[in-house]
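Quick notes on the structure that follows.
The values are calculated or read from the model by the stated rules, or taken from the named source; none is laboratory data. Please read these numbers as outputs of a predicted model, since none were measured by experiment. Methodologically, a virtual Cβ is constructed for each residue, glycine included, from the backbone with ideal geometry; neighbour enumeration extends over all protein chains shown.
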């Protein structure tokens, strides 16, 4: 059943970002293989990227390392082992392969991912009002206008999150940028090759503002957006009668709804659609997070474990565990215990591209200023002033 | 005549007093002097405390060289708002707590249930800032759908009004709502100290004034207030220092909005959220420089009062 690839009896060292429960989940997925092939895994979980950097500089890297995003891969490219011939790369979509590549060579493979570019809705409320799920941005805005004409409020847009209020808004703005300018533009923005004052970025902020600060489009208008917690923003969709119909929220929203309304059934009572595209190119890229693994040593046991981690078997076990989505295309929607998770995984692996959270990857803690800035803008702040402030901070930070 | 022999151990050399203060000096050096000097040093360094702050300068932008962190601490737009907010806090909270404290102290001085009334006013002092922030967060709660669970908005909507986002409507309402929490917490402290001072006012001279025909208003402003003035000054300066370093209420209730930040929360954000130790240290030094004159005045006043006794 398991192909040990000559790694029997060996030891693999690994540094990953998971600890605690997540580490236990991860090890539970690998355990059957480790036991069968008698491979010892020495795992160290840390969020501190300096640990890995120091080990690599000191000439003592782990065999395998897990990174929170592929942007970090570049600095290690000279030390990495190409994954072609070790991992079944064909099982991953071209979008995933290209994200794991440095200058055309695949060095990184993605183990677990989550999704953000989703719009949650209440199918019962849609059926009762005769609304259908929009497939383009224009249809979505036409639906919004239809809901307004019918006397309802289309969007629930809460961004409240204590000290980090505003992060939901930054995800929204990135989704718009992905649909107007595409993922490459977003990567340039992350590297500050595109200024914060760029007209395309300003336009994305304004388009977002047009929805969430509008008294007709958003529940409670600008005040409602700022003062409603991001999780609570899902509730009005399921009131009777519904006080709002649409909420753009990440994949975890399904769990929030299930906990708040235990009587509701997924798919029948709550569901999501992919935030639609504005045009065929760049289409509707998926925004989210994913953990990428790289190899520093191609010892037989390390190669064997790497091959197993990215096999359909491990992907199926990941799906079954309910811990996250597998980027492996061979892991079918039916492998997931929840139909919504399966649908999410399919949407993710079929998306034309995958984009990591931009502001999390910017230096100097600029994301906190971004959160605060976008909240201020929704509350009536001057956009040019705020963008200029962020541009000044970015100029100093890079 | 016999000469009294002083035991050797009771003879004080030059060294003895120094030995007595040594433990205190050591502790102060370790926990106050060293961190202060270190902070001042870091305020001239970059974000990681390694290179000179001058390396933070950006080409074609204003630059103060090694004082670059101070340029940001003193001219940055968000920092200017923090200074403005701190000034508002000082004006409203110091007058609010001292004024209310004095008023309550005078009023309860004349009633039988004085201890009970004072205990109730003092009670909020026993609640932590974070606890108070959470409690008042409920009071100011704003809901964009469903029922209003915040009592203020329940009243507003009950009377037919539209709910008000108390904590996010800037730049004045949100700050004032936070300052009210501070006044609620600290009035009891001011009241207790002022009440003790009031008890110390000799009744004979007040009686004399009344016999001479002064009404209660006149007695209060012309006799009582001048007599307890040193205490009022100490209360005011203590409150100014307290308000300058106000942090908890804004941290718990402010939700990170730039509109309500104060100096201390900016310092925290730079250090612990953005890991920018240079700028954070510069803000800390600015805060110390603002507090030192007030603290000095406070100590001077205290010494004068002691000398009067």
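Tabulated data for the structure shown
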read-out	value
Sole residue being buried (at least 22 other Cβ atoms within 10 Å of the Cβ), farther than 23 Å from residue A:232 by Cα and touching a residue at least 40 places away in the same chain (Cβ under 8 Å), chosen from A:196, A:172	A:196
Filtered residues of region A:328-354 (kept if within 25 Å of residue A:36 (Cα to Cα) and in contact (Cβ under 8 Å) with a residue 24 or more places away in the chain)	A:328, A:330
Selection status of residue B:149, surrounded by 16 or more Cβ atoms within 10 Å (Cβ to Cβ), more than 22 Å from residue B:114 (Cα to Cα) and within 14 Å of chain A (Cβ to nearest Cβ)	no
Residues of region A:175-184 satisfying the condition of being part of a helix (DSSP H, G or I) and buried (at least 19 other Cβ atoms within 10 Å of the Cβ)	A:175, A:176, A:177, A:178, A:179, A:183
Complete set of residues in region B:69-79 that are free of Cβ contacts under 8 Å to residues at least 60 places away in the same chain and more than 24 Å from the chain's Cα centre (by Cα)	B:71
Criterion violated by residue A:395 - all others in (1) surrounded by fewer than 16 Cβ atoms within 10 Å (Cβ to Cβ); (2) away from every other protein chain (no Cβ under 11 Å) satisfied	(2)
Enumeration of residues in region A:17-36 that are closer than 14 Å to residue A:308 by Cβ and touching a strand residue (DSSP E or B) at 6+ places or on another chain (Cβ under 6 Å)	A:34
Positions within region A:222-237 being more than 8 Å from every other protein chain (Cβ to nearest Cβ) and out of contact with any strand residue (DSSP E or B) (no Cβ under 7 Å at 6 or more places or on another chain), in sequence order	A:222, A:231, A:232
Of the criteria (1) at pLDDT below 90; (2) over 30 Å from residue A:241 (Cα atoms), which one residue B:98 fails	(1)
Flag for residue A:29 being modelled with pLDDT of 90 or more, touching a helix residue (DSSP H, G or I) at 6+ places or on another chain (Cβ under 7 Å) and not in a loop (DSSP other than H, G, I, E, B)	yes
From B:117, B:87, residue being out of contact with any helix residue (DSSP H, G or I) (no Cβ under 6 Å at 6 or more places or on another chain) and either loosely packed, with under 13 Cβ neighbours inside 10 Å or part of a helix (DSSP H, G or I) (or both)	B:87
When residues of region A:37-61 are limited to those that are in contact with a strand residue (DSSP E or B) (Cβ under 8 Å, 6 or more places away or on another chain) and not in a helix (DSSP H, G or I), the one modelled with the lowest pLDDT	A:46
Counted residues, region A:137-161 - those being farther than 15 Å from residue A:214 by Cβ and within 21 Å of the chain's Cα centre (by Cα)	3
Residue among B:58, B:94 that is within 30 Å of residue B:261 (Cβ to Cβ) and either outside any loop (DSSP other than H, G, I, E, B) or out of contact with any helix residue (DSSP H, G or I) (no Cβ under 7 Å at 6 or more places or on another chain) (or both)	B:94
Of all residues in region B:251-267 being free of Cβ contacts under 8 Å to residues at least 60 places away in the same chain and more than 10 Å from chain A (Cβ to nearest Cβ), the one that is nearest to residue A:167 (Cα to Cα)	B:267
Region A:146-162, subset free of Cβ contacts under 8 Å to residues at least 40 places away in the same chain and assigned to a helix (DSSP H, G or I), residue nearest to the other protein chains (Cβ to nearest Cβ)	A:162
Number of the condition not met by residue B:246 [criteria: (1) away from chain A (no Cβ under 14 Å); (2) assigned to a loop (DSSP other than H, G, I, E, B); (3) under 19 Å from residue B:35 (Cα atoms)]	(3)
Subset of region A:57-67 (residues that are surrounded by 19 or more Cβ atoms within 10 Å (Cβ to Cβ) and either at positive phi or out of contact with any helix residue (DSSP H, G or I) (no Cβ under 7 Å at 6 or more places or on another chain) (or both))	A:66
Checklist (1) surrounded by fewer than 16 Cβ atoms within 10 Å (Cβ to Cβ); (2) part of a helix (DSSP H, G or I) applied to residue A:132, failing item	(2)
Pick from region B:152-175, criterion in contact with a helix residue (DSSP H, G or I) (Cβ under 7 Å, 6 or more places away or on another chain) and in a helix (DSSP H, G or I), ranking: nearest to the other protein chains (Cβ to nearest Cβ)	B:174
Filter pass, residue B:56 being closer than 28 Å to residue A:398 by Cβ and either at pLDDT 95 or above or surrounded by 17 or more Cβ atoms within 10 Å (Cβ to Cβ) (or both)	yes
Identity of the residue in region A:351-367, surrounded by fewer than 20 Cβ atoms within 10 Å (Cβ to Cβ) and within 11 Å of chain B (Cβ to nearest Cβ), that ends up modelled with the lowest pLDDT	A:364
Number of positions in region A:165-188 that are under 18 Å from residue A:212 (Cα atoms) and either within 14 Å of chain B (Cβ to nearest Cβ) or in contact with a helix residue (DSSP H, G or I) (Cβ under 6 Å, 6 or more places away or on another chain) (or both)	10
Filter result (more than 19 Å from residue B:278 (Cα to Cα) and either more than 8 Å from every other protein chain (Cβ to nearest Cβ) or part of a helix (DSSP H, G or I) (or both)) within region A:368-379	A:370, A:371, A:372, A:373, A:374, A:375, A:376, A:377, A:378
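Residue by residue, here is whether (1) over 26 Å from residue A:25 (Cβ atoms); (2) in contact with a strand residue (DSSP E or B) (Cβ under 7 Å, 6 or more places away or on another chain) holds:
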| residue | (1), (2) |
| --- | --- |
| A:294 | no, yes |
| A:309 | no, yes |
| A:317 | no, no |
| A:335 | no, no |
| A:347 | no, yes |
| A:374 | yes, no |
| A:397 | yes, no |
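Each row is one residue, and each column tells you yes or no for (1) at positive phi; (2) within 24 Å of the chain's Cα centre (by Cα); (3) within 14 Å of chain A (Cβ to nearest Cβ); (4) part of a helix (DSSP H, G or I).
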{"position": "B:220", "(1), (2), (3), (4)": "no, no, no, yes"}
{"position": "B:228", "(1), (2), (3), (4)": "no, yes, no, yes"}
{"position": "B:232", "(1), (2), (3), (4)": "no, yes, no, yes"}
{"position": "B:235", "(1), (2), (3), (4)": "no, yes, no, yes"}
{"position": "B:238", "(1), (2), (3), (4)": "no, yes, no, yes"}
{"position": "B:275", "(1), (2), (3), (4)": "yes, no, yes, no"}
{"position": "B:279", "(1), (2), (3), (4)": "no, yes, yes, yes"}
{"position": "B:294", "(1), (2), (3), (4)": "no, yes, no, yes"}
{"position": "B:303", "(1), (2), (3), (4)": "no, yes, no, yes"}
